[in-house]
Amino acid sequence: MTDSKTATSVNIDNSGIDPITNFSATPTFAALIENRMARRRFLKGSVGVAVASIIGNSLTACSSDSSSAPVPVLPPVSEAPLLGFTAITTNRLDTVTVPAGYSVKPFLAWGTPISGSYPPYLDDAANSGAEQEMQIGMNHDGIHFYPIDVRSDGENSSEGLLVMNHEYVEPNVLHAGGPVLPRPVEQVHKEIAAHGVSVVHIQRQSSGEWQLVNNSPFNRRITAATPMELSGPVRGHAKVLTKYSPDGSRTRGTINNCAHGVTPWGTYLTAEENWAGYFMNSDAGQPREHSRYGVRSGNGRYFWETATPTADQYQRFNASTLADDATADYRNEPNTFGWIVEIDPFNPDSVPQKRTALGRFAHEGIVFATAVEGEPLVAYSGDDARNEYIYKYISNAPYQRNTAGGHLLNDGVLYVARFNDDGSGDWLPLDVNNADFMAKATAAGVMFSDQADVLLNTRLAADIAGATKMDRPEWGAVHPETDEVYFALTNNNARTEQQTDAVNPRANNTTGHIIRWHERDSQAAMVFDWDIFLLAGDVGTATPGTDLVLNADNHLASPDGLWFDSRGVLWVQTDMSGSQQSDGPFGNNQMLAADPVSRELKRFLVGPLECEVTGVVMTPDLTTMFVNIQHPGDRSSPDNFTSHWPDGGSSRPRSATVVITKDDGGVIGS
Ligand code: FEO
Ligand code: CA
Ligand code: CA
Ligand code: CA
């Protein structure tokens, strides 16, 4: 806070986009020429056609040097179309719109009491921080439904645990009158309590309506203050010692939890995405663990470090060097963030574990390849910032259903993706035991003391390895039958014409695209084959090498959330900016359904004003769908709400889950 900023209001940058911090060297001139030539070939369609064919119905060999690529096994094409509903049009209504024959109902909105003394939600924002700790958090994001019997059959479609992230907060809506400076400790307490994760025990009533199970021992809030452990290679490292945890084994809280992951053993993974901006470090030279991630030199995003009266749990957001020793200040606090965090929703007393072997970056989420008995466990995670990377983790120990657990996430090798312009790709190890990687580090003049140091500096390691800079990797999804991996690249307004390549083919990519790949030989392969599934954009946008041309039923921008249901429908959610929604041809943010084989694409849902549609899951029988609506009315000021969803009237907007059912009780999307 500067001296001049002692006014009663505070202007908080809530854009949610990480700054560009990847200034690593651009490719060599020779590589640039090669890229340009390959791009011309791609735009003409030749490469696109070749690569598209690995997944299309008319299977042929892929590009010329990849004749050893296996042909994926596709499920038989049934007579009935995969997508049976009638597409809806775009709109700018302050409601959730779904196709004819479907019903939608808000559920578990921000502030809904779920635990403790169940304090009722107050629409004047008078709930305290302590009450917020017993209520659903703000800005719902990644979500999963765990059937109550998930550890046995996993078939229960009428009772289970709904677990969801609360990515960040809207201070203009969270507080009566909005946020003020200096930050009163009560406001900061409430903001920290509105972050994190909710675990909610729910049941379907005989009426068909879903309800919270009151007083269930499973109901739990995890916040940005909940004690957590660091596990894996970074635990106890010199760079994570803090005043709170002088032995580097613990930290407090998880923040900016975007998408999620679901382990094969039925636990929940929450991803820490735009965490760096919550911290400040005003030291003359920030360490690479801070600067490469965008830790601020001025105040943190919400000015939490200025909370008054002061308290250790808030001062920790100032990572400047303030004492003689790392165990007497919070210079290392940001190093305890940027991880994937494992939560066991079925054990309310469990301590969340930050799984450091999975790398440290702006984790959007994490998605697993189908676990195969006796084979290594494989997972993918994207780093959502402009020009960052996509990663793959392979466990060292094989997956065994009977013994599977968090240990598989503590010991493995992290790889980063290089997408070659010929449609092939390589996984590049980030591993101190790999001679090639260490030779590249030496050549770049970079030293890593050990594997923990590599993981703390995952982005730097990936720069050195020679990874491909992507157009903001968001969610991934793995096809349930073919194991093909899909990734949303939401947009990248920083890519120049010179920086385009085959996998990121558009300069100033304002509308984004979706890519996919198939591993050669096995999930743990080091080589893959990729193609572009769709280029997003206005009506008329064509995806080269395919028949897909977007029309009024499916034009979209800024794809973000991706999820495959068990029938193999790919659900695609959008996160367009406020201006893209208000001024573009796309209307409000939306969700579409795609047939990955035919590339048929239809709009299924349109959200309320100024929301993001993010997070989707269904019950095992596919008759109930849960979708998260994040930050409706996110351009609200404290005295002017720009959405009143879901409560209507003059109410303040509330993020919420919606429950979608088909009126005939059938399968959603059929
Ligand atoms: Fe939180 Fe990358 O979206
Ligand atoms: Ca997202
Ligand atoms: Ca996004
Ligand atoms: Ca979001």
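Tabulated results
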| read-out | value |
| --- | --- |
| Total residues in the stretch 140-176, condition among the hydroxyl-bearing types (Ser, Thr, Tyr), in contact with a Leu (Cβ under 9 Å, 6 or more places away or on another chain) and either buried (at least 22 other Cβ atoms within 10 Å of the Cβ) or over 20 Å from Arg204 (Cβ atoms) (or both) | 1 |
| Any chance Thr254 is surrounded by 22 or more Cβ atoms within 10 Å (Cβ to Cβ) and either in a loop (DSSP other than H, G, I, E, B) or of a type in the set (A, V, I, L, M) (or both) | yes |
| Number of positions in the stretch 548-564 that are within 14 Å of Gly615 (Cβ to Cβ), open to solvent by less than 10 Å² (accessible area, probe 1.4 Å) and more than 13 Å from ligand 3 (Cβ to nearest atom) | 0 |
| Residue in the stretch 537-545 that is open to solvent by less than 30 Å² (accessible area, probe 1.4 Å) and among the aliphatic types (A, V, I, L, M) present | no |
| Subset of the stretch 508-555 [farther than 26 Å from Tyr391 by Cα and under 25 Å from the mean Cα position of the chain (by Cα)] | Gly537, Asp538, Asn554, His555 |
| Subset of the stretch 181-232 (residues that are in contact (Cβ under 8 Å) with a residue 40 or more places away in the chain, open to solvent by 40 Å² or more (accessible area, probe 1.4 Å) and closer than 16 Å to Tyr146 by Cα) | Gln203, Arg204, Pro217, Phe218 |
| Only listed residue being closer than 28 Å to Thr267 by Cβ and touching a Pro at 6+ places or on another chain (Cβ under 6 Å), chosen from Glu191, Glu155, Glu133 | Glu155 |
| Long-range neighbours under 7 Å by Cβ, at least six apart or interchain, first residue touching a residue at least 12 places away in the same chain (Cβ under 8 Å) and of a type in the set (Phe, Trp, Tyr) within the stretch 163-174, second away from ligand 1 (no atom under 13 Å from the Cβ) and open to solvent by 10 Å² or more (accessible area, probe 1.4 Å) | none |
| Residues located in the stretch 561-593, provided they are polar (S, T, N, Q) and part of a strand (DSSP E or B) | Gln573, Thr574, Gln590 |
| Some residue of the stretch 77-92 being within 16 Å of ligand 3 (Cβ to nearest atom) and β-branched (Val, Ile, Thr) | no |
| Residue count, the stretch 584-624 (criterion: among the hydroxyl-bearing types (Ser, Thr, Tyr) and surrounded by 24 or more Cβ atoms within 10 Å (Cβ to Cβ)) | 1 |
| Considering residues of the stretch 266-296 that are out of contact with any Phe, Trp or Tyr (no Cβ under 7 Å at 6 or more places or on another chain) and within 14 Å of His144 (Cα to Cα) only, the residue nearest to ligand 2 (Cβ to nearest atom) | Ala271 |
| Residue within the stretch 484-502 that is among the aromatic types (Phe, Trp, Tyr), under 18 Å from Asp426 (Cα atoms) and within 16 Å of ligand 2 (Cβ to nearest atom) present | yes |
| Residues of the stretch 484-522 satisfying the condition of being farther than 21 Å from Glu273 by Cα, touching a Ser or Thr at 6+ places or on another chain (Cβ under 6 Å) and surrounded by 24 or more Cβ atoms within 10 Å (Cβ to Cβ) | none |
| Flag for Asn172 being under 25 Å from Gln581 (Cβ atoms), polar (S, T, N, Q), outside any loop (DSSP other than H, G, I, E, B) and within 16 Å of ligand 2 (Cβ to nearest atom) | no |
| Failed item in (1) free of Cβ contacts under 8 Å to residues at least 40 places away in the same chain; (2) under 28 Å from Thr370 (Cα atoms); (3) of a type outside the set (Asp, Glu), with Thr614 passing the rest | (1) |
| Strands (runs of 3 or more DSSP E) within the stretch 600-669 that include 1 or more residues within 16 Å of ligand 1 (Cβ to nearest atom) and within 23 Å of Leu122 (Cα to Cα) | 624-630 |
| Residues being away from ligand 3 (no atom under 16 Å from the Cβ) and crowded, with 24+ Cβ neighbours inside 10 Å - total across the stretch 466-483 | 1 |
| Candidates Glu305, Glu333 - the one that is over 30 Å from His407 (Cα atoms) and acidic (Asp, Glu) | Glu305 |
| Meets criteria (open to solvent by 20 Å² or more (accessible area, probe 1.4 Å), over 20 Å from the mean Cα position of the chain (by Cα) and either under 21 Å from Leu550 (Cβ atoms) or within 16 Å of ligand 2 (Cβ to nearest atom) (or both)) for Arg567 | no |
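The values are calculated or read from the model by the stated rules, or taken from the named source; none is laboratory data. These numbers were taken from a predicted model, which means no experiment stands behind them. When we count neighbours, we look across all protein chains shown, and the Cβ atoms used for this are built from the backbone with ideal geometry, even at glycine. When the accessible area is computed, the model is the full protein with side chains, heavy atoms only, and any ligands, DNA or RNA have been set aside. Shrake-Rupley method; radii C 1.70, N 1.55, O 1.52, S 1.80 Å.
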